[in-house]
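Below: the structure, in structure tokens.
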């Protein structure tokens, strides 16, 4: 009987002691979490002060996506013996000089993708990697501050493809107007005086014109998340058929050290490119720019990302 009472008392003591130590540990954990939040808040304030200082600000992140497969005697599909693969690479970088009286913002966006399929039963097929997604965009914006958030500015933007038909077409925007920077990470450009130079061997399809340029760029890093969204629009004063716009977005999430996952997608509308495709790819020699189907152009890439 005494032994049973002793064991019961010991068990209750251990249980009470464990419960007590658990409550103490949870209280200590809560206190430390509050301390971490306070430290993070102070660091955020200091980082904001550093971001507001004059000087250069640089950064870059990118995405690498890829897949490879091989089939032998897989009779359920139309090509039972084949090897295939895809590789996608995107890069987003910026170098911005921010001073009290002026700024100079430079950005580079590229997105390249290759695919291949090798039919082992067809010795004449093309088994090489062929480019699919092909995006290159370079911007340089200079501004002189009129007020805290408004500046008189000049913009140079160049867009083309790198892998196929370099500079055919190529677009060069040169214009002047105003830039609005409501916050450090958002830049809105409105240039009512802009000339859109279009370079191409197809002079009867692509035309340069004078118009208005609108550009909005938002680049942000929050903890392990990197984000960039860029909208570039040109409205021709000559004809809406010569207008175009492109919207690109890039996301990166760091999982371990500099490695993470990334996702890119883009949208574009360009009637001159639609007409060029209808004539030179589909063979529609009677196509006219005012009647051609200007379908929305899209792309996306998902894969591993590397933060530079």
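Key figures
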quantity	calculated
Subset of region 278-290 that is farther than 15 Å from residue 243 by Cα and part of a loop (DSSP other than H, G, I, E, B) - its residue that is nearest to the chain's Cα centre (by Cα)	281
Yes/no for residue 304 being in contact with a strand residue (DSSP E or B) (Cβ under 6 Å, 6 or more places away or on another chain), surrounded by 12 or more Cβ atoms within 10 Å (Cβ to Cβ) and at pLDDT below 90	yes
Failed item, numbered, when residue 242 is tested on (1) under 20 Å from residue 157 (Cβ atoms); (2) surrounded by fewer than 18 Cβ atoms within 10 Å (Cβ to Cβ)	(2)
Filter pass, residue 60 being surrounded by 10 or more Cβ atoms within 10 Å (Cβ to Cβ), assigned by TED's automatic domain parsing to the domain that holds residue 115 and modelled with pLDDT of 70 or more	yes
Contacts under 7 angstrom Cβ, first residue in region 231-244 being assigned by TED's automatic domain parsing to the domain that holds residue 155, partner assigned to a helix (DSSP H, G or I), 6 or more apart	236/242; 241/271; 242/272
Restricting region 271-294 to residues that are in contact with a helix residue (DSSP H, G or I) (Cβ under 9 Å, 6 or more places away or on another chain) and touching a residue at least 24 places away in the same chain (Cβ under 8 Å), the residue that is surrounded by the most Cβ atoms within 10 Å (Cβ to Cβ)	275
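Residue by residue, here is whether (1) in the same structural domain as residue 268 (by TED's automatic domain parsing); (2) under 25 Å from residue 264 (Cβ atoms); (3) at pLDDT below 90; (4) in a strand (DSSP E or B) holds:
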residue: 106; (1), (2), (3), (4): yes, yes, no, yes
residue: 144; (1), (2), (3), (4): yes, no, no, yes
residue: 164; (1), (2), (3), (4): yes, yes, yes, no
residue: 188; (1), (2), (3), (4): yes, yes, no, yes
residue: 203; (1), (2), (3), (4): yes, no, yes, no
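Rundown of residues vs (1) modelled with pLDDT under 75; (2) surrounded by 10 or more Cβ atoms within 10 Å (Cβ to Cβ); (3) outside the structural domain of residue 184 (by TED's automatic domain parsing), yes/no style:
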| site | (1), (2), (3) |
| --- | --- |
| 2 | yes, no, yes |
| 7 | yes, yes, yes |
| 40 | yes, yes, yes |
| 49 | yes, no, yes |
| 69 | no, yes, no |
| 84 | no, yes, no |
| 88 | no, yes, no |
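The values are calculated or read from the model by the stated rules, or taken from the named source; none is laboratory data. Here the structure is a predicted model, which means the values were calculated and not measured. Methodologically, a virtual Cβ is constructed for each residue, glycine included, from the backbone with ideal geometry; neighbour enumeration extends over all protein chains shown.
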